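Chemist: Have a look at this one before I ask anything.
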Amino acid sequence: MGFLSVLSFAHKLAEGRLHPGGFAVDATAGTGADTLFLAKLAGPRGQVFAFDIQKEALELTQRRLSKESGERLANVSLYQDSHSNMKECIPVEYHGKISVIMFNLGYLPSEQADKHIITLTDSTLSALEASLELLAPGGVVTIVLYPGHEGGEQEAAAVEAWASALPQRTAQAIVYRGIQRPNAPYLIALERKKPL
Ligand code: SAM
């Protein structure tokens with residue numbers, strides 16, 4: 001049967017925490033697969049905030065959402081902005097109430113995309129700090145890391161070091177990884193304990 005893929009494991013963690021009417025963030029909208037997944041889980045009374053720095057990614061995301069019946073989906077707010085600005089973009093009434101924040105680092109997985117536009121260590125770490133302030137107690141952050149991509153190894157090491165150093169009273173941190181394949185994507189997940 002095999003273990004769950006990294007992406008499926010991230011979805012499993014999200015499913016356990018995001019319920020109808022809940023709030024979520026897709027920090028790297030890309031082609032919109034995670035945005036749609038979160039919008040279905042949160043349902044019509046929920047709210048999803050999705051970020052990407054590329055116009056193309058937000059267009060792909062909007063297209064994917066438009067193919068679904070809007071009645072089944074949460075309201076989705078798309079921001080062409082860095083996830084490092086998520087705290088400033090997301091209305092204050094949602095702060096401390098977000099159940100799931102998903103990061104899928106690296107480059108936009110579409111044919112036309114410029115593979116040189118990748119997530120960068122400094123803005124990723126700023127966004128992760130902001131995520132801890134936005135999460136509800138018991139909420140999770142999932143981070144899919146790509147050590148095999150150019151620039152990805154250094155970013156993955158920095159995220160792992162940052163997560164390892166988090167006080168346990170702030171968040172619990174786990175790694176889900178195929179240890180025989182050091183270049184394969186892997187997952188770090190955080191569960192928020194109590195407010196900072
Ligand atoms: N989850 C997406 C999907 O289902 O298609 C894949 C995400 S893709 C691996 C990473 C995305 O992060 C790219 O679309 C890229 O433009 C975006 N990105 C890069 N830097 C960013 C930043 N600072 N803030 C938000 N998004 C960023």
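Chemist: Hey, among the residues in segment 129-141 that are aliphatic (A, V, I, L, M) and in contact with a Ser or Thr (Cβ under 9 Å, 6 or more places away or on another chain), which one's farthest from residue 192 (Cα to Cα)? Please lay out each step first, then the result.
Modeler: Of all residues in segment 129-141, those aliphatic (A, V, I, L, M) come to 130, 132, 134-136, 140-141.
Filter once more, so that each one left must be in contact with a Ser or Thr (Cβ under 9 Å, 6 or more places away or on another chain): 130, 132, 135-136, 140-141.
Details: 130: 12, 132: 7, 135: 7, 136: 7, 140: 6, 141: 8 Å.
The qualifying residue farthest from residue 192 (Cα to Cα) is 130.
Chemist: Can you tell me which residues in segment 129-150 are within 14 Å of the ligand (Cβ to nearest atom), assigned to a helix (DSSP H, G or I) and closer than 18 Å to residue 35 by Cα?
Modeler: 131
Chemist: While we're here: Report every pair of residues separated by at least 6 positions or lying on different chains whose Cβ atoms are under 6 Å apart, first residue within segment 5-34 and more than 19 Å from residue 119 (Cα to Cα), second part of a loop (DSSP other than H, G, I, E, B) and more than 16 Å from the ligand (Cβ to nearest atom).
Modeler: That search, which allows pairs on different chains as well, returns 20/43; 21/45; 21/46; 22/46; 23/97.
Chemist: Also, quick follow-up: With 29, 24 as the choices, which residue is within 19 Å of residue 190 (Cα to Cα), in contact with a helix residue (DSSP H, G or I) (Cβ under 8 Å, 6 or more places away or on another chain) and at pLDDT 95 or above?
Modeler: Working: 29 fails: within 19 Å of residue 190 (Cα to Cα).
Result: 24 is the single residue among 29, 24 that is within 19 Å of residue 190 (Cα to Cα), in contact with a helix residue (DSSP H, G or I) (Cβ under 8 Å, 6 or more places away or on another chain) and at pLDDT 95 or above.
Chemist: Next question. How many of the residues in segment 26-61 are more than 6 Å from the ligand (Cβ to nearest atom) and part of a strand (DSSP E or B)?
Modeler: 5
Chemist: Filter segment 114-128 for residues that are without any contact (Cβ under 8 Å) to a residue 60 or more places away in the chain, in a loop (DSSP other than H, G, I, E, B) and near the ligand (Cβ under 7 Å from one of its atoms) and give the result.
Modeler: Residue satisfying the conditions is 120 alone.
Chemist: If you don't mind, another one. Can you name every residue in segment 70-106 that is closer than 20 Å to residue 37 by Cα, of a type in the set (Lys, Arg) and modelled with pLDDT of 95 or more? Give the derivation first.
Modeler: Filtering segment 70-106 down to residues closer than 20 Å to residue 37 by Cα leaves 70-80, 83, 86, 90, 94, 97-106.
Now narrow it down to the ones that are of a type in the set (Lys, Arg): 72, 97.
The answer is 97, and nothing else.
Chemist: For a quick check of your reading of the model, give me the residue pairs whose first member lies in segment 46-58 and is farther than 23 Å from residue 71 by Cα, whose second is modelled with pLDDT under 95 and more than 10 Å from the ligand (Cβ to nearest atom), with beta-carbon atoms closer than 9 Å and at least 6 apart or on different chains.
Modeler: 56/112
Chemist: Here is a further query. Within segment 8-25, take every residue that is outside any helix (DSSP H, G or I) and hydrophobic (A, V, I, L, M, F, W, C) and give me the one that is nearest to the ligand (Cβ to nearest atom).
Modeler: Filtering segment 8-25 down to residues outside any helix (DSSP H, G or I) leaves 16-25.
From the residues that got through so far, the ones that are hydrophobic (A, V, I, L, M, F, W, C) too are 18, 23-25.
Working: 18: 16, 23: 18, 24: 13, 25: 11 Å.
Selected residue: 25.
Chemist: Can you tell me which residue in segment 174-194 is nearest to residue 142 (Cα to Cα), limited to those that are in contact with a Phe, Trp or Tyr (Cβ under 9 Å, 6 or more places away or on another chain) and assigned to a strand (DSSP E or B)?
Modeler: Looking at the filtered set, the residue picked out is 189.
Chemist: Taking segment 73-113, which residues are assigned to a loop (DSSP other than H, G, I, E, B) and away from the ligand (no atom under 11 Å from the Cβ)? Break it down stepwise before answering.
Modeler: Of all residues in segment 73-113, those assigned to a loop (DSSP other than H, G, I, E, B) come to 73-74, 81-82, 90-91, 95-97, 105-106, 108-113.
Hits for segment 73-113 are 73, 74, 90, 91, 95, 96, 97, 111, 112.
Chemist: Would you be able to tell me the number of residues in segment 163-196 that are touching a residue at least 24 places away in the same chain (Cβ under 8 Å), surrounded by fewer than 17 Cβ atoms within 10 Å (Cβ to Cβ) and hydrophobic (A, V, I, L, M, F, W, C)?
Modeler: Qualifying residue count for the region: 3.
The values are calculated or read from the model by the stated rules, or taken from the named source; none is laboratory data. The shown structure was predicted, so the numbers you read here are calculated from the model rather than taken from an experiment. Ideal geometry is used to build each Cβ from the backbone, glycine not excepted, and the neighbour counts take in all protein chains shown.
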